[in-house]
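Peer 1: Questions regarding the structure given below will be posed in turn.
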Amino acid sequence: MTSVATQTEQVARTSYARLLGLLAARTRDLASAEDALADAFRAALETWPRTGIPDRPEAWLMTVAKRNHGATRARTRTARDALPTLFLLHSDQAAPMPAFPDHRLALLFACTHPAIDAATQTPLMLQVVLGLSAERIAPAFLMTAAALGQRLSRAKARLKALNVAFDIPDPADITPRLPAVLEAIHAAAALGWETVPGSDPARTDLSSEALYLAEALIGLAAEDPEPKALLALILYSAARVPARKVTYIPLSEQDTTLWDKSLIARADQALTDAARANRLGRFQLMAAIQSVHAERARTGRTNWAALETLHAALNRLHPTVGGSVAAAAVTLECHGPTACLRALDSLPDTATYQPYWALRAEAMRRAGNPDTPAALSRALGLAEDPALRAWLAARLG
Amino acid sequence: MQYTILCYETAADFACRADPDKAGPYWAGWSAYGATLAQAGVFVSGAGLLPPDAAAIVRIGPLGRSVQDGPFAEVKEQLGGFFVIDVPDLETALDWAAKAPSSSSASTEVRPVLQMPGE
């Protein structure tokens, strides 16, 4: 029998965003909705081991969260601060217990409000929809957790001050806000992939959450090719999960017979659907890169020339540090270590970027550079994932 | 601002130090971590410690000095070493602590270094 704590964690993982979406949609105060929900989960951890898991755990959590929200607000003095609670109580009378409609996409779109600074939107979405802490999110954006935490608090205060409704925007408003939502879903999926399957179940769950959100987004923006491409991208990565096992295995060394061919077929289909719109975008290029890697399962070889073209196009359209390092990895295969190191030397702000040092070490090794162990050691020193660290340590030894 | 990163390890971690199959990756992880702190320019000082069975505790009681040999209480994690780093804020210190091998095998504690009055 699984422990109550484990089951509670399961409920937290599967329901957090839906409950938060529901609370925030009614109170229009993200920060206090998060606090109320956190208190409800804490109460569940204290109560459920004694009483057992309720039949409808989400309803239980929702009731406690709403009561918590009321209690918190009762302590605040100004009438202005009490408004969200009044609103909440009022809507309670209008509609008794809701059937938990899915507010996750609405929550995502609310985070893309023009009043929120563009650089804050994605981390804000990761936090509210996936319940990730600033510490967890910050490394993915090359930011310190402190700076990010401040930005997130300011953003939530902003949304509250503007009384932003947590509703799905009108169709005309969806297109301009789509890129930010796509990026957040992609970032969630990427956080899940970075982890070796089995080493941290909470993180692999992020990928399935991202898959769900991408599919829901296609339903909302059927005309746009990029949500379909994002779905393809997530599916290609999901297809490779069985080949990764508990230890870290780099893509080039994975046994392609273990890749999930049905997921690759679904990904191919989604990418083909996306291409029909005849409008190239960032996620189509990223999915196309993964489709080239997936092709290795069929042809037995990697088409590096195709990858070079796609990476170059991607870096023109959407330059990022991660994208530049990935392109330099392809340069290593196409043109050798000297060209790769030249590309790496031109990149700024890489002192603590782990993938940069991992690639640098590999290029130096191939060039026969005697200083290779120093770069490999730096890649090892910057690695947090135990599986990745074990793999790097074995190479160093 | 200086912070001390206290690296707690399990009995299994300490055992890795002398295990022919595990010592290589174990030491590689720690020396890479220390070297990376130095290369990033945040390293101030640090030391690895011998396992708790090499420890002794000294007290002055009613009968004068007493010395108790380790290991002591049955705790799962024991101090295995520490680093002092100089970084702008606690968040940066936590970020570095997360990269210590002990953070994935056991736990790592971060404490601000006390500023002595008058310093």
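Values in this text are rule-based calculations from the coordinates and carry no lab data. Because the structure is a prediction, the values reported are computed rather than measured. Counting neighbours? That spans all protein chains shown, and the Cβs are built from the backbone with ideal geometry, glycine included.
Peer 1: To the nearest 500 deg cm²/dmol, what mean residue ellipticity at 222 nm is calculated for the protein assembly as shown from DSSP H runs of n ≥ 4 alone, each contributing -39,500 (n - 2.57), summed and divided by the residues?
Peer 2: Taken over the protein assembly as shown, the calculation gives -20500 deg cm²/dmol.
Peer 1: If the only charges are +1 at each Lys and Arg Cβ and -1 at each Asp and Glu Cβ, what is the size of the charge dipole of the protein assembly as shown around the Cα centre, to the nearest 20 debye?
Peer 2: 500
Peer 1: How high is the relative contact order of chain A, given as a whole-number percent (alpha carbon pairs under 8 Å, six or more residues apart)?
Peer 2: Over chain A, the number comes to 11 percent.
Peer 1: Another question about this same structure. Calculate the dipole size of the stretch B:2-112 relative to its Cα centre from +1 charges on Lys and Arg beta carbons and -1 charges on Asp and Glu beta carbons; express the result in debye to the nearest 20.
Peer 2: That gives a dipole near 280 debye.
Peer 1: So, one more: Cross-chain or 8 or more residues apart, Cα under 21 Å: how many lysine pairs in the protein assembly as shown fit that? Count them up, please.
Peer 2: For the protein assembly as shown, qualifying lysine pairs total 8.
Peer 1: Can you check what the net charge comes to around B:GLN78, using other residues whose Cβ is under 11 Å from the Cβ of B:GLN78 (Lys, Arg +1; Asp, Glu -1)?
Peer 2: Surrounding charge for B:GLN78 is -4.
Peer 1: Who wins for biggest fluctuation among A:SER291, A:SER252, A:SER15 in a Gaussian network model of chain A, springs between alpha carbons below 10 Å?
Peer 2: Sorting by GNM fluctuation, first place goes to A:SER252.
Peer 1: Which semi-axis lengths, in whole Å and largest first, follow from the square roots of five times the eigenvalues of the Cα gyration tensor of the stretch A:200-279?
Peer 2: 25, 15, 8
Peer 1: Right, something else. Classify chain B: rounded, prolate or oblate, from the alpha-carbon gyration tensor (a ≥ b ≥ c, eigenvalue square roots; a/c under 1.5 rounded; otherwise prolate if a/b is larger than b/c)?
Peer 2: oblate
Peer 1: Write down the Kirkwood hydrodynamic radius of the stretch A:280-373, to one decimal in angstroms, obtained as one divided by the mean of 1/r over all alpha carbon pairs.
Peer 2: Radius from the Kirkwood sum: 13.9 Å.
Peer 1: With a/c under 1.5 counting as rounded, go ahead and sort the stretch A:327-397 into rounded, prolate or oblate using the C-alpha gyration tensor (a ≥ b ≥ c being the square roots of the eigenvalues; past the cut-off, prolate if a/b is larger than b/c, else oblate).
Peer 2: prolate
Peer 1: Here's another thing I want to ask about it. Output the 0 to 90 degree angle, nearest 10, between the alpha-carbon long axis of helix A:321-335 and the longest principal axis computed from the alpha carbons of chain A.
Peer 2: So the inclination is approximately 20 degrees.
Peer 1: If I build a Gaussian network model for chain A, linking alpha-carbon pairs within less than 10 angstrom, which residue out of A:PRO171, A:PRO57, A:PRO386 has the largest mean-square fluctuation?
Peer 2: Among A:PRO171, A:PRO57, A:PRO386, the largest GNM mean-square fluctuation belongs to A:PRO171.
Peer 1: Quickly work out the B:ALA23-to-A:ASP167 label distance, labels modelled 7 Å from Cα along the C-beta direction, and quote it in nm with one decimal.
Peer 2: According to this spin-label approximation, the distance is 7.0 nm.
Peer 1: For the residue pair A:GLU135 and A:THR257, what label-to-label distance in nm results when each label sits 7 Å from Cα along the Cα-to-beta-carbon direction?
Peer 2: It is 4.3 nm.
Peer 1: A further question follows. Let me know the shape class of the protein assembly as shown, please: from the alpha-carbon gyration tensor, a ≥ b ≥ c as square roots of the eigenvalues, rounded when a/c is under 1.5, otherwise prolate if a/b is greater than b/c, or oblate.
Peer 2: In terms of gyration-tensor shape, oblate.
Peer 1: Quick one: if you stick a label point 7 Å off each Cα along the C-beta vector at A:ASN315 and B:GLN115, how many nm between them?
Peer 2: Between A:ASN315 and B:GLN115, the label points sit 4.4 nm apart.
Peer 1: For the stretch A:327-397, what relative contact order do you get, as a whole percent, if you take Cα pairs closer than 8 Å and at least 6 residues apart?
Peer 2: Dividing the mean separation by the residue count of the stretch A:327-397 yields 25 percent.
Peer 1: Now for a different question. Do you know the relative contact order of chain B, to the nearest whole percent, from alpha carbon pairs under 8 angstrom that are 6+ apart?
Peer 2: That works out to 47 percent.
Peer 1: Then there is this: Given R₀ = 45 Å, what would the calculated FRET efficiency be for B:LEU79 paired with A:THR51, taking r from the Cβ atoms and rounding to 0.05?
Peer 2: FRET efficiency, B:LEU79 to A:THR51: 0.65.
Peer 1: Only Cα pairs within less than 10 Å get springs; with that Gaussian network setup on chain A, which residue of A:ARG360, A:ARG298, A:ARG177 has the largest fluctuation?
Peer 2: Evaluated over chain A, the most mobile residue of the options is A:ARG298.
Peer 1: Okay, next question. Could you run the Karplus curve 6.51 cos²θ - 1.76 cosθ + 1.60 with θ = phi - 60° over the stretch A:257-271 and give me ³J(HN,Hα) per residue in whole Hz, x for Gly and Pro?
Peer 2: Per residue, the Karplus-derived 3J(HN,Hα) values read 5, 8, 5, 7, 5, 6, 5, 4, 4, 5, 5, 4, 5, 5, 5 Hz.
Peer 1: Now for a separate question. So what's the angle, to the nearest 10 degrees on a 0 to 90 scale, between helix A:145-161 and the longest Cα principal axis of chain A?
Peer 2: Result, in degrees: 40.
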